[in-house]
Every structure is written in C-alpha cells, then in structure tokens.
Amino acid sequence: MYLLFITRIYTDLPPTGDEPEYLRITESIIQDQDIDIGNNTGYLHDYSRVEKFIGDNKQQRLLERRGGKLPLHNIGLSMLMVPAYMLGGRLGVMIFMYLIAITAVCNLALFAREMTGEDFPSAAVAFAVGITAPVFFYAYEIYPGTAALLIQVYIVRKLCAGERATTLELLIAGLGLAFLPWLHYRYVFLWPALFAAMYFIMKNRSPRAYLTMAAPVVASLVVLLIFQKEVFGSFALFEVERGNMAHSPVGVAGLLFDQEFGLLAYAPYYLLAPVGIVLMAKRRPRELALIVFIFLFHFLQYSLHSRWWGDWSPFGRRF
C-alpha cells in the first residue's frame, strides 16, 4: 500500500526542497564520475520552482565554488543512492529511502525487545513510530535524516548490548558512526560526544569496543579533511545553519507543542515517554542515560533556530 502511495507521489509531484540537489549529485557521480553538478540539469527546473518561494537565486548563489558548481550538501546520501538511481531513477531512490526507513523501524523494535524482553510492547512501539512523524510522512523523501536514523538506532543498540555485542557488530556500528558526517557535517560533533558517553555512561565498555569503533572514525576524519581540501580548497568542514541561543526556549516549546509543526501534534504517544523514563530509570539507568543524551544532542541543536520547523514541514522531517 505504501509503495503505491510512493508511486502516486512520484507521478504527481516533482522533487522539492533540497531533493533535486541530492539527485543531481547522484546523477553526476554516475554520468561524469565527479560532483560538479553544473552540467547535470535533469532536476534543475524542479529546483528553480522552489526558488520563487525563497526569494533569491539560491541555486547559483550556493553552488559557485572555485570556478565550478559544487554541491552545498554532503555527498554521503548521494553515494548511497547510486545503485537505486541506476536501477530506477528517482522512483528507485524513493523506494530505497522507504526501505531504509523500514529497516530503521525494525531495528527500533529489536532494540525495544532487547531492553524489555517483551514482544508485543516492542512491536507496538515500532508500529507507532512507523505510522507517525517522522517516518510515515518522510520515509520516501530524499533527505539524509532517514539513513542517519537507521545508523544511530543501530549504534545505540550495540552500545546498550554491552559485552554481548560481537566485534563484527561493533565494527559495523563504527563504520556507521564514521559515515554520519558524510551525510551531514553536524554529526562530526557526535563523535567526541558519543565516545565520552561510552566512557562516562556505558562504563563497562572494553578497550576492544573503543578500538573497533574509533578506527573507522579516525580514518573517516582523515579522508574527510583531504576531501574538503582537494574539492573546496579549505579544511573548514562546517557549512551549517547558524543558530542562536536566544531562540532555544521558543524553539523547544515549538518543536513540541506548536499546533501545526509540533512533534506532539503528529505523534502524541510521545506523551507516554515519562512513563518509560521512570521504568527505565529503575531497570536500565545507563541505557536510559545514553538515549536521553542522544536525544538532547539533536533536539537542542534544532531549538537554536528561529525557523525550527524546517522548511514548512513538521519537526519530524529532520529525524
């Protein structure tokens, strides 16, 4: 049923927002083996339709770098999309994004099952997440938040598994952590924060876990710096939105309670979170601390922006 819905969206609506740029990067990687998207115009017209809402020539302003037209956005998502794009174009990519979202929800169900030992409540939680914001509304949209969601749920699962996590599972988690900044540069901040959380919160972690997860991260940072220098001529990594601490109180309230864009307006079951917090505080205090830490890491970043709703869409789009 949802795949039919995706097909209808594909037929009736062009890509919107930043989706055309991600598609153009993928197209450039396949056709030209580079990321200069100046000659990849398959989705340029669709992108220009968005400009009339923005009020300036965003496409040209953002892409003129070192004499070429290089993308504003990170290339990680576009790299992931290459096989799907080659097989089915934009529709193939939309289905691919949907499959990533479904895998993330399944991992969430497994995580709940591992924490509680209960089948039905775990399935109910995953079902609730799957039919509300952010997953249901944006599973098919071409944004890096979907892949980032899957990676982070898997990382948290393996950290909370303690010594039960195998070396291979920790390596996969480390590779996912290393890949996150290729989806969006703000995840570079997650690296030191997560390793600090492993030390102070998950105190039973072994040196094997640190080494297995840190090695891919260090390698990724080196490659990322070289990439930035060679392509953009600078080691500066962060082209991110600038926030304002003064916006945080308004941002937090809006993210939660705004009647049009608030998370609780789209997924009111989050009101039950205090119940889960009380139960986990007694049974799984370390795991609870890690989950709260990851949540605050993202939520407080979003609250810094006066336009916290994220381009005319519910909070859920950002995952």
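The values are calculated or read from the model by the stated rules, or taken from the named source; none is laboratory data. None of these values were measured; they are calculated from a predicted model. So basically every Cβ, Gly included, is an ideal-geometry build from the backbone, and we count neighbours across all protein chains shown. These accessible areas exclude ligands, DNA and RNA; they are computed on the full protein's heavy atoms, side chains included. Shrake-Rupley method; radii C 1.70, N 1.55, O 1.52, S 1.80 Å.
Based on what the data block shows, is ALA84 open to solvent by less than 60 Å² (accessible area, probe 1.4 Å), under 20 Å from the mean Cα position of the chain (by Cα) and at pLDDT 85 or above? Step through it out loud before you land on a result.
Working: open to solvent by less than 60 Å² (accessible area, probe 1.4 Å): yes; under 20 Å from the mean Cα position of the chain (by Cα): yes; at pLDDT 85 or above: yes.
Here the answer is yes, as ALA84 does meet what is asked.
Return the residues of the range 160-179 that are touching a residue at least 40 places away in the same chain (Cβ under 8 Å) and surrounded by 15 or more Cβ atoms within 10 Å (Cβ to Cβ); say none if nothing qualifies. Write out each step before concluding.
So the first thing to find is which residues in the range 160-179 are touching a residue at least 40 places away in the same chain (Cβ under 8 Å), and the list is 160-163, 165, 167, 170-171, 173-175, 177-179.
Hits for the range 160-179 are CYS160, ALA161, ALA165, LEU170, LEU171, ALA173, GLY174, LEU175, LEU177, ALA178, PHE179.
Among the residues of the range 187-209, are any under 19 Å from ASN74 (Cβ atoms), at pLDDT 90 or above, among the aromatic types (Phe, Trp, Tyr) and open to solvent by 20 Å² or more (accessible area, probe 1.4 Å)?
no
What do you reckon, is THR146 polar (S, T, N, Q) and either touching a residue at least 60 places away in the same chain (Cβ under 8 Å) or within 16 Å of LEU272 (Cβ to Cβ) (or both)?
Numbers: polar (S, T, N, Q): yes; either touching a residue at least 60 places away in the same chain (Cβ under 8 Å) or within 16 Å of LEU272 (Cβ to Cβ) (or both): yes.
Yes, satisfied.
In this structure, is MET202 assigned to a loop (DSSP other than H, G, I, E, B) and of a type outside the set (S, T, N, Q)? Don't jump to the end; show me each part of the working.
Values: assigned to a loop (DSSP other than H, G, I, E, B): yes; of a type outside the set (S, T, N, Q): yes.
Yes, satisfied.
For the subset of the range 1-28 comprising residues that are of a type in the set (A, V, I, L, M) and part of a loop (DSSP other than H, G, I, E, B), which member is nearest to ARG90 (Cα to Cα)? I'd like the intermediate steps shown before the answer.
Within the range 1-28, the subset of a type in the set (A, V, I, L, M) is 1, 3-4, 6, 9, 13, 23, 25.
If we keep only those that are part of a loop (DSSP other than H, G, I, E, B) too, we end up with 1, 13.
Values: MET1: 19, LEU13: 12 Å.
That would be LEU13.
Of the residues LEU272, LEU304, LEU279, only one is modelled with pLDDT under 80 and open to solvent by 30 Å² or more (accessible area, probe 1.4 Å); which? It would help to see each step written out before you state the result.
Values: LEU272 fails: modelled with pLDDT under 80; LEU279 fails: modelled with pLDDT under 80.
Answer to the selection: LEU304.
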